[in-house]
Amino acid sequence: MNGVAKASSGDDRSRGIAKAVRSYVKTASGGSRGATARAAPDRRAAAKLASFLLSAGAEGSDIRQELRRLNLESLANRTTEEIFYALVDYICEPGGDLDEAYARAAYIDAICEIPDGMKDRLERPDAETINFILERFIANTVTKRIENAIGNDMITLPETGLSARELQRLFQDWVSGRVKDAMALIGGVLRQDQVRAQIDMIYEEAHASFGNYDEK
């Protein structure tokens, strides 16, 4: 990750990251509404992912039944993990431009981040599994957009003495925490008939929290 500004360890690191992300939301993206609007491909993909997971996890259903319902029978004979990787072409837009590429990369990363202890639930995802995958996907889409802004010197991260990888992990964890807070506002329960509105709310609340995060 490029562009750094000096900061000490501990709480100063979090404050420095918060300041950098606020700069992204308020300056590079024109405020929380602007940041949310720019994430339109991400929001569409998140809504599609949530809808798929909810349908696959419904009573009497599973991932393979949902594939058949969506006329994706060609995937049904693969392993569960292979199915989820292949679903990138269904969940996300083609990836012909940078905005679409963010969502595709974020989706693949989210699947990679599913812990081993949760993989046996993918066949018929429960609420915890659905929330985990969605949280990781949303956090990854936000992170990738901010990382692009950092790479283009639009915003600056603090210099902490950490390696680039350690700083990236700290940054990702900070963003994930704000996304988790935003998801908590919907009570941790996604509803099939309200998915699009709930996803939009999560993105809006996350971006708003980035812009208003307390520096104390």
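For residue 143, the requirement of being in contact with a helix residue (DSSP H, G or I) (Cβ under 9 Å, 6 or more places away or on another chain) and either basic (Lys, Arg) or touching a residue at least 60 places away in the same chain (Cβ under 8 Å) (or both) is not met.
Looking only at region 111-126, count every residue that is among the hydrophobic types (A, V, I, L, M, F, W, C) and touching a Leu at 6+ places or on another chain (Cβ under 8 Å) and tell me the total.
So in region 111-126, the residues among the hydrophobic types (A, V, I, L, M, F, W, C) come out as 111-112, 114, 118, 122.
With the extra rule that they be touching a Leu at 6+ places or on another chain (Cβ under 8 Å), the set shrinks to 114.
Result for region 111-126: 1.
Got a sec? Which of 108, 114 is hydrophobic (A, V, I, L, M, F, W, C) and within 16 Å of residue 176 (Cβ to Cβ)? Talk me through it step by step, then tell me what you get.
Numbers: 108 fails: within 16 Å of residue 176 (Cβ to Cβ).
On inspection, the qualifying residue turns out to be 114.
Taking every residue in region 119-135 that is buried (at least 18 other Cβ atoms within 10 Å of the Cβ) and pairing it with any residue that is polar (S, T, N, Q) and not in a helix (DSSP H, G or I), at least 6 positions away or on another chain, the pairs with Cβ-Cβ distances below 9 Å are 124/61. On inspection, residue 197 passes the criterion of being modelled with pLDDT of 90 or more, closer than 17 Å to residue 33 by Cα and over 12 Å from the mean Cα position of the chain (by Cα).
In region 1-46, which residue that is β-branched (Val, Ile, Thr), crowded, with 20+ Cβ neighbours inside 10 Å and at pLDDT below 80 is farthest from residue 208 (Cα to Cα)? Please lay out each step first, then the result.
The first filter runs over region 1-46 and keeps only residues β-branched (Val, Ile, Thr), leaving 4, 17, 21, 25, 27, 36.
Okay, now just the ones that are also crowded, with 20+ Cβ neighbours inside 10 Å, so 17, 21, 25, 36.
Going one step further and asking which of them are at pLDDT below 80, we end up with 17, 21, 25.
Numbers: 17: 15, 21: 11, 25: 8 Å.
That would be 17.
Residues that are in a helix (DSSP H, G or I), over 23 Å from residue 102 (Cβ atoms) and without any contact (Cβ under 8 Å) to a residue 12 or more places away in the chain within region 29-66 comprise just one, 65.
The values are calculated or read from the model by the stated rules, or taken from the named source; none is laboratory data. Keep in mind that this is a model prediction, so the values were computed, not measured. Note that we place each Cβ from the backbone using ideal geometry, even for glycine, and neighbour counts take in every protein chain shown.
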